[in-house]
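Heads up, the thing below is written out as structure tokens.
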């Protein structure tokens, strides 16, 4: 697994997509700094909401494309056939891919936030330390969850074009179209079913799951409405962070298990 992860890191840093997204995320990070030029962002406010939205629009798309291409490239370039010929387990292959690609993406995040932190400190306009930590955790969570989704996409897609198409569709559905689709869908349900439906649907959307938890932790629970009262209660509970981490780990584990089963079946059938 370590060998595959290291190979993926080397390949990732040779990938022009990685450097394109690195430059783009650096620009987005600078935009975050410019958004709060007048006030140091602390807690949940219009400033922090704008920052969350900027991160939410870029990171999932970046992760989906890079992550799905990681697996489809193995199919197109013959790398999988080479791995299958050697005594490399499918578990090592999938988890190595996940770890190596995560390292590349987290390096991009670290560079962007590091640049923002340094410039903010230099000009005396940096983020509040607690808010900065929440934004960093928000970004890391988005990357890890969407990377698991990306590996599922790369598993079922036959080539890079299919992976690109499905990645953009998943990004559009979970980020852009989600609020409208959620409102339309909930409007068809009897009122007693609304709260349970919101809770269930939120768990199945990684972006919404992390966004809501981050908003609550930043003190923005009042902004998300009474339908999310149970979310606010458990997120603010002392064990809320551990429960949230467990949900995220279960999400990632389920996605990787799907990819593992499909690749194992592909290997068994040659």
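Listed by first and then second residue, the pairs linking a residue in segment 160-178 that is at negative phi and surrounded by fewer than 13 Cβ atoms within 10 Å (Cβ to Cβ) to a residue that is in a helix (DSSP H, G or I) and at pLDDT below 90, with Cβ atoms under 7 Å apart and 6 or more places separating them unless they lie on different chains, form an empty list. The test for being assigned to a helix (DSSP H, G or I), in contact with a helix residue (DSSP H, G or I) (Cβ under 9 Å, 6 or more places away or on another chain), more than 30 Å from residue 215 (Cβ to Cβ) and at pLDDT 90 or above does not hold for residue 99.
Restricting segment 218-233 to residues that are surrounded by fewer than 21 Cβ atoms within 10 Å (Cβ to Cβ) and under 19 Å from residue 139 (Cα atoms) leaves a set whose member that is modelled with the lowest pLDDT is 220. In segment 75-83, the count of residues that are surrounded by 17 or more Cβ atoms within 10 Å (Cβ to Cβ), modelled with pLDDT of 80 or more and under 18 Å from residue 157 (Cβ atoms) is zero. Exactly one residue among 89, 126 is modelled with pLDDT under 80 and more than 24 Å from residue 215 (Cα to Cα), and that residue is 89. Taken over segment 183-202, residues that are over 18 Å from residue 230 (Cα atoms) and surrounded by 11 or more Cβ atoms within 10 Å (Cβ to Cβ) amount to 2.
The values are calculated or read from the model by the stated rules, or taken from the named source; none is laboratory data. From a predicted model like this one, the values you see are computed outputs, not experimental measurements. Methodologically, a virtual Cβ is constructed for each residue, glycine included, from the backbone with ideal geometry; neighbour enumeration extends over all protein chains shown.
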